[in-house]
1. Could you list, in sequence order, the residues of segment 32-59 that are open to solvent by less than 30 Å² (accessible area, probe 1.4 Å) and either within 14 Å of Val69 (Cβ to Cβ) or within 9 Å of the chain's Cα centre (by Cα) (or both)?
2. Does at least one position in segment 20-30 carry a residue that is small (Gly, Ala, Ser), in contact with a Lys or Arg (Cβ under 6 Å, 6 or more places away or on another chain) and open to solvent by less than 60 Å² (accessible area, probe 1.4 Å)?
Amino acid sequence: MSKIIGAVVVDTGRCKGCSLCVEACPKDVLAMASKVNVNGYQYVEAVAADACIGCASCGIVCPDGCITVYRKKVEEQ
């Protein structure tokens, strides 16, 4: 039996901190960072990367296209 795991990559330089992706994530993988990017916006970061299921909900709702989601199939043991 295989399982899908995901990896979220955020382009922090382009993120404007709208937090739509934080709300869209069913596994609470994303959260707002306490820092700001070069444009002065608080950006999103993956705080629970191991919980990502690769659903790509965050990438779909991102209005600026700052999020890329990768999926990997792994065999369960």
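The values are calculated or read from the model by the stated rules, or taken from the named source; none is laboratory data. Note that this is a predicted model, so its numbers are computed, not measured. Using ideal geometry, Cβ is built from the backbone for each residue, glycine included, and neighbour counts are taken over all protein chains shown. To get the accessible areas, we keep the full protein, side chains included, count just its heavy atoms, and leave off ligands, DNA and RNA. Shrake-Rupley method; radii C 1.70, N 1.55, O 1.52, S 1.80 Å.
1. Selection gives Val44, Cys52, Gly54, Ala56, Cys58, Gly59.
2. No, because not a single residue in segment 20-30 is small (Gly, Ala, Ser), in contact with a Lys or Arg (Cβ under 6 Å, 6 or more places away or on another chain) and open to solvent by less than 60 Å² (accessible area, probe 1.4 Å).
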